[in-house]
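Encoded as structure tokens, the structure appears first; notes follow it.
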Amino acid sequence: MIPLWMELPCSLCVTCGFCIIFNVPLHKIPLCLIVGSAAWMTYEVFIYMGMSGVFSAFVAACLVWLLSNIFARAFKETSTMFIIPGIICLVPGSGAYYSMLAILGHHDASFAETARETLLTAGAIAAGLLLMGSITGVFLLLTKKMRSSRQK
């Protein structure tokens, strides 16, 4: 197991690599690195505290949405520029690989466990983004209505 303090440079490298793949402008890469490393470190800290991987991915995805929207509004960019490189570290690619390896090796019990964990983690990431998107939308709608009622 890698020590927690060594996880940060690894998450920075992974996020930077995906920033390059997705053609993020050079001056926005540091912001994407903050989002990606914060997501991964949140995930790892929650795992370290004994939480499940699914719950940890959910909380980290919520943080990705929050930071991405803050940076998008502050720097007048689209939030997807920060969401995609930031969420890539959380995607359960190894779980999908081990699930396919188990099914090809006819290890049904191992396949069921890894596939379940992989699908739940992917669903938790999607649910975290969806929940935070919904909360943000409702919050913005309420603030817009409050502003318009004050102007009358």
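Picking from residues in the range 129-152 that are farther than 18 Å from I84 by Cβ and small (G, A, S), the one that is modelled with the highest pLDDT is S134.
As a summary of the residue check, A102 satisfies the conditions (1) modelled with pLDDT under 90; (2) over 27 Å from G36 (Cβ atoms) except for the one numbered (1). Could you tell me which of the residues A126, A96, A112 is out of contact with any strand residue (DSSP E or B) (no Cβ under 8 Å at 6 or more places or on another chain), more than 18 Å from C16 (Cα to Cα), modelled with pLDDT of 95 or more and open to solvent by 40 Å² or more (accessible area, probe 1.4 Å)? Selected residue: A126, the only one of A126, A96, A112 that is out of contact with any strand residue (DSSP E or B) (no Cβ under 8 Å at 6 or more places or on another chain), more than 18 Å from C16 (Cα to Cα), modelled with pLDDT of 95 or more and open to solvent by 40 Å² or more (accessible area, probe 1.4 Å). The set of residues in the range 62-92 that are open to solvent by 50 Å² or more (accessible area, probe 1.4 Å) and β-branched (V, I, T) comprises I70, T78, T80, I84, V91. Checking the range 1-8 against the condition returns no match, with no residue being open to solvent by 50 Å² or more (accessible area, probe 1.4 Å) and closer than 27 Å to L130 by Cβ.
Per the listing V45, V24, V35, the residue uniquely in contact with a Pro (Cβ under 9 Å, 6 or more places away or on another chain) and closer than 15 Å to L63 by Cβ is V35. Comparison of G133, G53, G123, G128 shows that the only residue that is of a type in the set (G, A, S) and more than 19 Å from A38 (Cβ to Cβ) is G123.
The values are calculated or read from the model by the stated rules, or taken from the named source; none is laboratory data. For clarity, every value in this text was computed on a predicted model and none was experimentally measured. Glycine gets a Cβ as well: all are built from the backbone with ideal geometry, and neighbour counts include every protein chain shown. Ligands, DNA and RNA are excluded from the accessible area calculation, which covers all protein heavy atoms including side chains. Shrake-Rupley method; radii C 1.70, N 1.55, O 1.52, S 1.80 Å.
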